[in-house]
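Everything below concerns the one structure shown next.
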Amino acid sequence: MTDDTRTRLVRTARALIHGSSFADVGIGDLCREAGVHRGSLYHFFPSKDAVGLAVIDANWELLQAVLDEAFDEAAPPLVRIDAFVTGFAGMLTAARDAMGSTPGCPIGNLALELAGRPGGAGSRITEILTAWQRYFRDAVAEAELRGDLPAGVDPDAAALRALAYLQGITLMAKAYDRPALVAEARTAIRTLIETPIP
């Protein structure tokens with residue numbers, strides 16, 4: 001058994017899950033599409049939920065690359081947030097071009113399906129969402145220190161609102177098959193960040 005087999009299984013699982021859902025993808029489907037025997041899959045993953053966790057981690061790795069590029073410290077903090085929203089929308093557009101429909105958020109989709117299941121998915125999803133939120137939080141805190149935001153903005157609350165809105169608009173983009181909705185959300189996200197909540 002090689003890491004190439006594991007990589008192929010995760011890559012195939014990602015494609016199948018994003019083409020339908022975690023619930024719809026069976027172990028048999030995954031093994032057939034990846035060209036491996038069940039024993040090979042179970043060598044790497046003790047259960048289907050373990051495959052789901054590996055897909056979550058693979059999705060986070062890809063998303064983190066978009067976050068790291070957008071949140072380059074050379075750019076002003078609020079520009080970083082705008083750059084991420086633009087990059088995220090671009091990622092969804094590229095996925096739509098490849099798949100024929102807008103797949104939605106690669107983390108959010110699986111979070112909806114796996115968060116309540118046993119096996120550690122819920123805690124891993126919480127870790128990922130917390131790390132994602134931290135990118136926003138740090139940018140908001142820096143923007144407030146620079147005077148780019150009104151006094152009284154709570155960076156943690158602002159970051160949570162921004163990420164929650166982004167997840168919601170991504171769901172709408174998936175439902176309407178319009179990834180441009182995410183790119184158009186930059187102004188609304190900026191407003192959510194700039195508005196102090198009493």
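Between Arg32, Arg134, Arg124, the GNM of the chain built on Cα springs shorter than 10 angstrom shows Arg32 fluctuating the most. Our helix-only sum for the chain, with -39,500 (n - 2.57) per DSSP H run of n ≥ 4 divided by its residues, gives a mean residue ellipticity at 222 nm of -24500 deg cm²/dmol.
Distances between every pair of Cα atoms in the chain, grouped in 10 Å steps from 0 to the bin holding the largest one, split as 9, 33, 32, 18, 7, 1 percent.
The share of accessible area on the chain that comes from carbon and sulfur is 55 percent, using a 1.4 angstrom probe.
Between the residues Ala143, Leu129, Ala70, the greatest Cα displacement towards the positive end of the dipole of region 42-154, with unit charges on the Cβ of Lys, Arg, Asp and Glu, is found for Leu129. Per residue, the solvent-accessible area of region 87-178 (1.4 Å probe, heavy atoms of protein chains only, all protein chains present) comes to 48 Å².
Charges were assigned to the Cβ only: +1 to each Lys and Arg, -1 to each Asp and Glu. The resulting dipole of region 153-198 about its Cα centre is roughly 160 debye. From the residues Leu181, Gly152, Phe22, which one has its Cα farthest along the dipole of the chain in the positive direction, the dipole being from +1 and -1 charges on Cβ of Lys/Arg and Asp/Glu about the Cα centre? Comparing the listed Cα positions along the dipole, Phe22 ranks first.
Estimated from the Cβ-Cβ distance and a Förster radius of 35 angstrom, the FRET efficiency linking Arg8 and Ala74 is about 0.40.
What does the highest-first list of 16-27, 112-123 look like by mean Cβ count within 10 Å?
Working: 16-27: 16.0, 112-123: 14.2.
Averaged packing, sorted descending, gives the order 16-27, 112-123.
Kirkwood radius and radius of gyration were both taken over the C-alpha atoms of region 81-189, and their ratio Rg/Rh is 1.01. For Leu112 and Asp156, the difference between the fully extended length at 0.36 nm per residue and the C-alpha to C-alpha distance is 13.6 nm. Put a plus charge on the Cβ of each Lys and Arg, a minus charge on the Cβ of each Asp and Glu, and nothing anywhere else: the dipole of the chain about its Cα centre is then about 640 debye. In this label model, Ser101 and Asp49 are separated by 2.8 nm, measuring between points 7 Å along each Cα→Cβ vector. Note on Ala188 and Ser20: the model spin-label points, each 7 Å out from Cα along the C-beta direction, lie 3.1 nm apart.
The values are calculated or read from the model by the stated rules, or taken from the named source; none is laboratory data. No experiment lies behind these values; they were computed from the predicted model shown. Positions of Cβ are backbone-derived with ideal geometry, glycine not excepted, and every protein chain shown enters the neighbour counts. Heavy atoms of the whole protein, side chains included, go into the accessibility calculation; ligands, DNA and RNA do not. Shrake-Rupley method; radii C 1.70, N 1.55, O 1.52, S 1.80 Å.
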